[in-house]
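**Q** Would you mind keeping the following structure in view while I ask a few things?
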Amino acid sequence: MRLDKYLKVSRLIKRRTLAKDVSDQGKIEVNGKVAKPSLMVKVGDLLTLHFGSRVLKARILRLEPSARRDEAQEMYEIVEEAKIL
């Protein structure tokens, strides 16, 4: 599954276009490397998202073509969440 679609379906980012824009800016890493929106992600990949002064690390647990709101949180696990001063 494409990175931008995964971010939208898992609801880590609300819209696919926003996910594309954020990854184009180099603010998303997959397994420690800056990722483009078209990168194919797989189960077990570690995502690092840079939101302003916040860094979120999440591991992919499942890939689903679509998910309801309550199912979306089961698609990943938060590994680390930090604020940058």
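**Q** Which condition from (1) closer than 21 Å to Lys83 by Cα; (2) more than 12 Å from the chain's Cα centre (by Cα) is the one that Asp21 breaks?
**A** Going through (1) closer than 21 Å to Lys83 by Cα; (2) more than 12 Å from the chain's Cα centre (by Cα) one by one, Asp21 breaks only (1).
**Q** Do you know which residues across the range 31-50 are surrounded by 14 or more Cβ atoms within 10 Å (Cβ to Cβ) and not polar (S, T, N, Q)?
**A** Keep residues of the range 31-50 that are surrounded by 14 or more Cβ atoms within 10 Å (Cβ to Cβ), which gives 35-37, 39, 41, 45-50.
Selection gives Ala35, Lys36, Pro37, Leu39, Val41, Asp45, Leu46, Leu47, Leu49, His50.
**Q** Going through Ala67, Ala58 one at a time, which residue ends up being of a type in the set (A, V, I, L, M) and at pLDDT below 95? Show your work before the answer.
**A** Details: Ala58 fails: at pLDDT below 95.
Criteria check complete, one pass: Ala67.
**Q** Output the residues belonging to the range 68-85 that are hydrophobic (A, V, I, L, M, F, W, C) and touching an Asp or Glu at 6+ places or on another chain (Cβ under 8 Å). Give the derivation first.
**A** Residues of the range 68-85 that are hydrophobic (A, V, I, L, M, F, W, C), as a first pass: 72, 75, 78-79, 82, 84-85.
If the condition is that a residue be hydrophobic (A, V, I, L, M, F, W, C) and touching an Asp or Glu at 6+ places or on another chain (Cβ under 8 Å), then Met75 is the only one that fits.
**Q** Do you know which residues across the range 1-37 are of a type outside the set (Val, Ile, Thr) and farther than 23 Å from Arg68 by Cα? Give the steps one after another, and end with the answer.
**A** Of the range 1-37, the ones of a type outside the set (Val, Ile, Thr) are 1-8, 10-12, 14-16, 18-21, 23-27, 29, 31-33, 35-37.
If the condition is that a residue be of a type outside the set (Val, Ile, Thr) and farther than 23 Å from Arg68 by Cα, then Asp21, Ser23, Asp24, Gln25, Gly26, Lys27, Glu29, Asn31, Gly32, Lys33, Ala35, Lys36 are the ones that fit.
**Q** Which of (1) surrounded by 11 or more Cβ atoms within 10 Å (Cβ to Cβ); (2) closer than 15 Å to Ser10 by Cα; (3) among the charged types (D, E, K, R) is the odd one out, the single condition Asp70 does not satisfy?
**A** Asp70 satisfies all of (1) surrounded by 11 or more Cβ atoms within 10 Å (Cβ to Cβ); (2) closer than 15 Å to Ser10 by Cα; (3) among the charged types (D, E, K, R) except (1).
**Q** A further question follows. Got a number for residues in the range 1-29 being of a type in the set (Phe, Trp, Tyr) and either free of Cβ contacts under 8 Å to residues at least 12 places away in the same chain or touching a helix residue (DSSP H, G or I) at 6+ places or on another chain (Cβ under 7 Å) (or both)? Spell out the reasoning first.
**A** Taking the range 1-29 as the starting set, the residues that turn out to be of a type in the set (Phe, Trp, Tyr) are 6.
Imposing the further condition that a residue be either free of Cβ contacts under 8 Å to residues at least 12 places away in the same chain or touching a helix residue (DSSP H, G or I) at 6+ places or on another chain (Cβ under 7 Å) (or both) reduces the set to none.
Count: 0.
The values are calculated or read from the model by the stated rules, or taken from the named source; none is laboratory data. Predicted model, so just to flag it, every value in this text is computed and none were measured. Counting neighbours? That spans all protein chains shown, and the Cβs are built from the backbone with ideal geometry, glycine included.
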